[in-house]
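The values are calculated or read from the model by the stated rules, or taken from the named source; none is laboratory data. Values in this document were obtained by computation on a predicted structure and should not be read as measured data. Reconstructed Cβ throughout: ideal geometry from the backbone, glycine too, with neighbour counts over all protein chains shown.
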């Protein structure tokens, strides 16, 4: 998959939800998740593991008979993640079960993935401050879908944000290898 850099919509920039902010990385304006929580209120951002020189989102996961921690890039749309296990030999249909690393709260909820190419009945849900806004991540290994659910922002704008993906050929060029 080729990298396509997409511009963050002005309608979103005017009403950025609490827990997110804009940031410039290598002359590209990106959206950064700066605080996100489990259902019990534990902040999942950690400074001890940094990706692209930013704090990462720490989750405990089980997938394909393996378990450990994953550290997700906090830059919206980036798929640069670090795992505490190898995760080799995973089926594309394997489903990730995600938990809070502090209280073991289950983060998967029964909500269908809105990617038309995916039939996952679940989503991993992370809460922005105040719990009315969410980040949803498809738990299927082969599906890169993620989306924001923000009360104050119209659906077409949120769809534009969901389509932002920084992965594939040229990824290191975009962030300058940081």
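List of remarks:
- Of the residues making up the stretch 60-86, those that are within 11 Å of the chain's Cα centre (by Cα) and either surrounded by 19 or more Cβ atoms within 10 Å (Cβ to Cβ) or not in a strand (DSSP E or B) (or both) number 10.
- Taking the stretch 88-139 as the range and being closer than 13 Å to residue 63 by Cβ, surrounded by fewer than 20 Cβ atoms within 10 Å (Cβ to Cβ) and within 14 Å of the chain's Cα centre (by Cα) as the test, only 108 passes.
- In summary, strands (runs of 3 or more DSSP E) completely within the stretch 92-162 and bearing 1 or more residues that are within 18 Å of residue 77 (Cα to Cα) occur at 122-127, 134-137, 146-149.
Okay, residues lined up against (1) under 29 Å from residue 29 (Cβ atoms); (2) touching a strand residue (DSSP E or B) at 6+ places or on another chain (Cβ under 7 Å); (3) modelled with pLDDT under 95:
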position	(1), (2), (3)
91	no, no, yes
119	no, no, yes
122	no, yes, no
140	no, yes, yes
155	yes, no, yes
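- Within the stretch 40-53, restricting attention to residues that are over 16 Å from the mean Cα position of the chain (by Cα) and not in a strand (DSSP E or B), the residue that is modelled with the lowest pLDDT is 53.
- Count of the stretch 19-33 residues which are in contact (Cβ under 8 Å) with a residue 12 or more places away in the chain, over 16 Å from the mean Cα position of the chain (by Cα) and part of a loop (DSSP other than H, G, I, E, B): 1
- Within the stretch 9-30, tally of residues that are in contact with a helix residue (DSSP H, G or I) (Cβ under 7 Å, 6 or more places away or on another chain) and at negative phi: 6
- Here residue 36 does not fit the description of being within 18 Å of the chain's Cα centre (by Cα), surrounded by fewer than 18 Cβ atoms within 10 Å (Cβ to Cβ) and either within 25 Å of residue 131 (Cβ to Cβ) or modelled with pLDDT under 95 (or both).
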